[in-house]
Each structure stands twice: as structure tokens, then as C-alpha cells.
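The values are calculated or read from the model by the stated rules, or taken from the named source; none is laboratory data. Values in this document were obtained by computation on a predicted structure and should not be read as measured data. All Cβ positions, even for glycine, are placed from backbone atoms using ideal geometry, and neighbour counts span all protein chains on display. These area figures cover heavy atoms from the full protein model, side chains too; ligands, DNA and RNA do not enter into them. Shrake-Rupley method; radii C 1.70, N 1.55, O 1.52, S 1.80 Å.
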Amino acid sequence: MAILVLGGAGYIGSHTVYALVDRGVDVVVADNLETGHIEAVHPKARFYQGDIRNRAFVDSVFEQEKIDGVIHFAANSLVGESMVNPLKYYDNNLCGTKVLLESMVAHGIDKIVFSSTAATYGEPERVPILETDRTEPTNTYGETKLAMEKMFKWTGKAHGLRYVSLRYFNACGAHTSGQIGEAHNPESHLIPLILQVPNGQRESVSIFGDDYDTKDGTCVRDYIHVMDLAQAHILAMDYLAQGNESNIFNLGNGVGFTVKEVIETARKVTGDPIKAVISPRRAGDPAQLIASSEKAKSVLGWKPEHADLEEIIATAWNWHKNHPNGYAK
Ligand code: UDP
């Protein structure tokens with residue numbers, strides 16, 4: 001039996017595939033390669049190129065492979081883009097998941113681990129955020145992820161499918177081998193943008209707002225290493241395989257860093273002065289997002305192993321300095 005990783009050529013998906021293969025799991029990857037990279041797919045995984053909105057494609061994977069469970073990363077994930085082109089997000093994230101679930105039900109596949117997001121909460125009512133806190137997304141991306149969670153819930157009730165939804169905070173870092181890492185085009189995430197400065201690809205990094213109600217006025221986020229996220233997916237699949245009920249877990253370190261602190265740490269790691277320029281706030285950014293991951297720790301037995309920000313940035317730097325253009329030659 002194999003695990004099917006949808007979106008296994010993307011950032012978090014590819015790192016999860018590496019962790020699964022390391023554990024000796026038989027892995028099948030499906031990806032439409034719209035934002036994913038074929039070079040990121042582990043050579044030991046069997047790869048199918050196609051789109052989850054295409055029922056014939058999804059059916060064909062389930063018919064060719066013996067799939068025990070699905071880990072689902074196949075979605076668009078940029079907050080800004082989701083505000084400019086909301087229907088793209090409804091189409092890929094929601095219509096795609098609907099087709100996937102129809103096919104899973106038809107093929108009797110009853111376990112799915114799903115990448116959700118802190119964006120399901122919107123402006124938090126308190127920090128650290130608990131899974132039971134109010135969910136009121138402030139952007140289309142978060143709204144579609146929340147709607148996907150509900151789709152799993154109701155499909156589960158009707159058809160006996162069980163799911164684990166993992167609400168990530170700020171994914172970052174790279175595989176310690178330096179073989180795979182983060183590669184978005186265009187890049188919009190803080191750590192890769194900071195590292196473009198010592199890489200000679202940009203003059204400075206922008207700080208989006210320094211007048212927030214935080215210790216230095218810049219936004220606070222909970223940065224969590226991509227390999228720690230990968231481990232959580234494996235534990236979540238084990239949890240479902242042991243017959244446990246559907247569940248939702250936050251994944252973060254429970255520690256917040258300001259944008260200025262992240263830049264300062266990157267200066268230390270790279271030895272570069274990294275010029276930073278104060279810029280206007282970015283629309284839709286909450287001042288602080290910090291996870292309580294106590295539930296993932298106690299129920300799944302999850303233990304983040306790369307919690308130190310300096311170590312996280314060092315793994316990212318190891319990837320970016322050797323792959324300044326991502327996977328492009
Ligand atoms: N940020 C910034 N400058 C940038 C990109 C991001 O100041 O060039 C800030 C952003 O406002 C947020 C934090 O860095 O507070 C993390 O942003 P990112 O886009 O990496 O992740 P998000 O929090 O949106 O998931």
C-alpha cells in the first residue's frame with residue numbers, strides 16, 4: 001500500500017515526501033506542476049502529472065496504485081493573489097477538493113491529511129491561538145481552506161471518511177541535505193525575500209509596517225521549520241491509521257518573532273548587513289499570529305526539532321545560496 005501525496009512537488013509537499021521515503025513508506029506523488037517543480041520530487045516516489053480537478057486523472061491514479069491514504073497539499077496558497085483573483089482559489093482549492101473527495105469515496109479510500117492554515121482564524125481573539133478559537137478568515141485563501149475543512153467534515157459524516165486538518169503557521173527553512181527548499185515565483189515570503197539581499201538579487205528588504213502594537217512595532221509570526229511540518233503529516237497519517245477520529249491541529253513553535261528580529265537573525269547567519277526599508281503595512285496582515293500546538297504535541301506526540309530561528313534560517317540560507325534561482329538552471 002502507498003501514500004498518495006497531492007502537490008508533492010511543492011514546498012511543504014516535497015519535504016513531506018522526503019520524510020516519508022526516509023521512513024521507508026511507498027510514496028506516489030501527483031502534481032499539476034503549475035507551481036510545483038519536478039526536480040523537487042523524490043526520485044523514489046512514483047510521479048503522475050495531472051490536476052485534481054480532472055476526475056479521470058484522479059480516478060486513474062487510484063486505479064493504477066493501491067492507495068491507503070492521501071496527504072493533500074494541492075492548492076493555491078498566496079494571500080495577496082487570493083484577494084485579486086478569488087475565483088481561482090474557489091476553483092482550485094474547493095472544486096479540486098470536491099472532485100478528489102468524490103473519487104476517494106468511489107474508490108473506498110477513507111483517510112486524508114490536509115494542509116490548512118493559520119489564515120482560517122483571521123484576526124485572532126487571543127494569542128496563542130487554540131484550535132477551538134473563532135475562525136473568521138480575512139482573505140479568500142483562508143476562507144477556501146476553512147471551507148475545505150468543512151467539506152471533509154460533512155463528507156466524513158456521510159461516507160465514513162476520516163481527516164486530519166493541520167493548520168500551519170509560518171512554514172520556513174529547507175531540507176538539511178540542501179537538495180530541496182522553498183522556490184516560489186514570484187516570491188512573497190519574508191525569509192526567502194530577506195535572503196535575496198545577501199544573494200545579490202535585491203538591494204533591500206521591505207518591512208511592511210512598523211506601527212503595530214508589538215514590542216518593536218513590526219508584525220509577530222510563529223516560524224515553523226518545514227521538516228517539523230513534514231513529521232506532523234506522518235504522525236497525522238499514523239493517527240488515522242490507528243483508527244482515531246477526525247481532528248484539527250495547529251502547528252507552530254508557540255514563539256513569536258517580529259519582522260525586525262527575523263532580519264537581525266538573518267544578518268547574523270549570513271554575515272551580511274542586509275538593508276531593510278520601512279514600507280507601508282500590507283493589507284490583511286494581523287499584528288500577531290502565534291500558535292498553541294499543545295494539542296498536536298499531546299495527541300499526535302509531535303515534537304518540533306528545529307525550533308531555533310537561527311537554525312531555521314541557516315537551513316534556508318544553505319538552500320538559497322546554492323540555488324539562487326530555485327530549481328531553474
Ligand atoms: N513581510 C515583510 N516584508 C516582506 C514580506 C513579508 O515585512 O517583504 C512581513 C509580513 O507583513 C508578515 C511577515 O513578514 O508580517 C510574514 O509574512 P509572509 O508573507 O512570509 O507570511 P504570512 O504571515 O503572510 O503567512
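Per-residue SASA remark: Trp154, around 150 Å² accessible (1.4 Å probe; ligands, DNA and RNA not included).
Can you give the convex hull volume of the alpha carbon atoms of the stretch 170-329 per residue, in Å³? Please report the intermediate quantities before stating the final value.
Numbers: hull volume 20.8 nm³, N = 160.
Spelled out: Cα convex hull of the stretch 170-329, divided by residues, is 130 Å³.
Heavy-atom accessible area with a 1.4 Å probe sorts Ile248, Ile38, Ile191, largest first, into Ile38, Ile248, Ile191. Expressed as a whole percent, the proportion of Cα-Cα pairs in the chain lying more than 26 Å apart is 45%. Against the main long axis of the alpha-carbon atoms of the chain, helix 226-241 sits at an angle near 20°. Taken over the C-alpha atoms, the stretch 57-97 has Rg and Dmax values of 13.5, 39 angstrom. Just the protein heavy atoms count here, and of the accessible area of the chain at 1.4 Å, carbon and sulfur take up 49 percent.
Rounded to the nearest 20, the Cβ-based charge dipole of the chain about its Cα centre (Lys and Arg +1, Asp and Glu -1) stands at 260 debye. By the compact-protein rule of thumb, 2.2 N^0.38 Å, the alpha-carbon radius of gyration of the stretch 1-145 corresponds to a ratio of 1.08.
Antiparallel as a % of all DSSP beta bridges within the chain, to the nearest 5? In the chain, DSSP labels about 5 percent of beta bridges as antiparallel.
Can you give the calculated 222 nm mean residue ellipticity of the chain, where each DSSP H run of n ≥ 4 adds -39,500 (n - 2.57) and the sum is split over every residue, rounded to the nearest 500 deg cm²/dmol? Don't skip to the answer; put the middle values down first.
Working: 10 runs with 111 residues, N = 329.
The helix-only estimate for the chain comes to -10000 deg cm²/dmol at 222 nm.
Within a Cβ distance under 11 Å of Arg221, other residues only, what is the Lys/Arg minus Asp/Glu net charge?
Values: positive: none; negative: Asp222, Glu261, Asp285.
Neighbour charge sum, excluding Arg221 itself: -3.
Note on the stretch 197-244: semi-axes of the ellipsoid equivalent to its C-alpha gyration tensor, largest first and rounded to whole Å, are 37, 18, 6.
Charge tally around Asn92: other residues with Cβ under 13 Å, Lys/Arg +1 each, Asp/Glu -1 each, net -1. Considering only alpha-carbon pairs that sit under 8 angstrom and 6 or more positions apart, the relative contact order computed for the chain is 19 percent.
Positive end of the dipole of the stretch 1-99 (Cβ unit charges, origin at the Cα centre): among Val99, Gly80, Gly7, the Cα lying farthest that way belongs to Val99.
Of Lys297, Lys215, Lys321, the residue with the largest accessible area leads and the full order is Lys215, Lys321, Lys297 (1.4 Å probe).
Using a 1.4 angstrom probe, figure out how much accessible area the chain has per residue, in square angstrom, rounded to the nearest whole. List each step's numbers first, then the result.
On the way: 13950 Å² over 329 residues.
Spelled out: the 1.4 Å probe surface of the chain, per residue, equals 42 Å².
Using the Cβ atoms and a cut-off under 12 Å, what net charge is assigned to the surroundings of Gln49, where Lys and Arg are +1 and Asp and Glu are -1? Write down the numbers at each step before the final one.
On the way: positive: Arg46; negative: Asp31, Glu34, Asp51.
Here the charged neighbours net out to -2.
Note on the stretch 1-156: dipole from Cβ charges, positive end direction compared against Ile129, Leu33, Ile112; the farthest Cα belongs to Ile112.
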